[in-house]
Amino acid sequence: MTLQAAIAFAGAAVASAFAARLALSHAVRPRPHVAAWSAAMAMYAAATWALFAGLAFGWGEVAFRLFYWLGAIVTVVFLALGAAYLVLGSRAGGALLVVFGAFAAGSGAATFGARLTAPLPATGVPAGSEVFAFSGGLASPRLWALVGNVTGTLLLVGLAVYTVVRFRRTDRRLVTGNLLIVAGTAAPAVGGSLTALGEGGGLASSLLVGAGLLWAGYRVAGGARREDAPARAAHGADPARLGAVGDDHPGEDQ
């Protein structure tokens, strides 16, 4: 097993554990933002497992298309959906769910229906520019990847920065958690964008780092909400709108 394959395995394991933790939290106390994040991290994990399979055993078309669709296109969009549910509320989140659901369906059809312009390489990470044409409008997976990464990243980072600015004086732990979330979002988003644009090196590492940072941010921000709720309430903060992903953990939802 190569070093990149081993790193991809570790990243997939971390992302799978985080997705399971979120799913358990949602099962204990259903909340739409947790459901969205659980789905996003499941996509993240599936994409990273596909990357591991390609690096360890060689790329097949199904594994590559699954990796590209989930990893380079839709995961960041559903990360943003979870943040929108929490920060903007159920009405805005529900509207975005319809839009992002249609986006996922359209990008999936394009990714699994597009013709490969070259054989998949025997080693390394196939670059989108090597196997998919950018022409063809909505039939081009690379166009969907560009739109998804730009839209999802801008929305997710913007909402996270908003919460950091709003609570920077009243809740430093929440600020720290959201900064970790921003960093965790940036790592895989950059890796996915570079893959879509033709640079695949170091993607496994970016996915591992991103999964770890996202989980750390969730834990830190969630702890801030539980421990400092009275202080925030005294300053007029609404606990239902705190943090991009901060929330109670399984077993603590009463």
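For the stretch 139-157, the condition holds for at least one residue, the condition being that it is out of contact with any strand residue (DSSP E or B) (no Cβ under 6 Å at 6 or more places or on another chain) and assigned to a loop (DSSP other than H, G, I, E, B). Tell me which residues, restricted to the stretch 107-150, are modelled with pLDDT of 85 or more, of a type in the set (Gly, Ala, Ser) and crowded, with 22+ Cβ neighbours inside 10 Å. The answer is Ser107, Ala110, Ala145, Gly148. Among the residues of this structure, Gly89 does not count as one that is over 20 Å from the mean Cα position of the chain (by Cα), at pLDDT below 90 and loosely packed, with under 15 Cβ neighbours inside 10 Å.
Is it true that Gly177 is at pLDDT below 80, buried (at least 17 other Cβ atoms within 10 Å of the Cβ) and either hydroxyl-bearing (Ser, Thr, Tyr) or not in a loop (DSSP other than H, G, I, E, B) (or both)? Against the criterion (at pLDDT below 80, buried (at least 17 other Cβ atoms within 10 Å of the Cβ) and either hydroxyl-bearing (Ser, Thr, Tyr) or not in a loop (DSSP other than H, G, I, E, B) (or both)), Gly177 qualifies. Among the residues of the stretch 98-117, is any touching a Leu at 6+ places or on another chain (Cβ under 8 Å) and of a type outside the set (Gly, Ala, Ser)? So far as the stretch 98-117 goes, yes, one or more of its residues are touching a Leu at 6+ places or on another chain (Cβ under 8 Å) and of a type outside the set (Gly, Ala, Ser).
Among the candidates Ala109, Ala102, Ala92, Ala80, the residue that is under 25 Å from Ala13 (Cα atoms) and either of a type in the set (Lys, Arg) or part of a helix (DSSP H, G or I) (or both) is uniquely Ala80.
The values are calculated or read from the model by the stated rules, or taken from the named source; none is laboratory data. Computed from a predicted structure; not experimentally measured. Note that each Cβ is placed from the backbone with ideal geometry, even for glycine, and that neighbours are counted across all protein chains shown.
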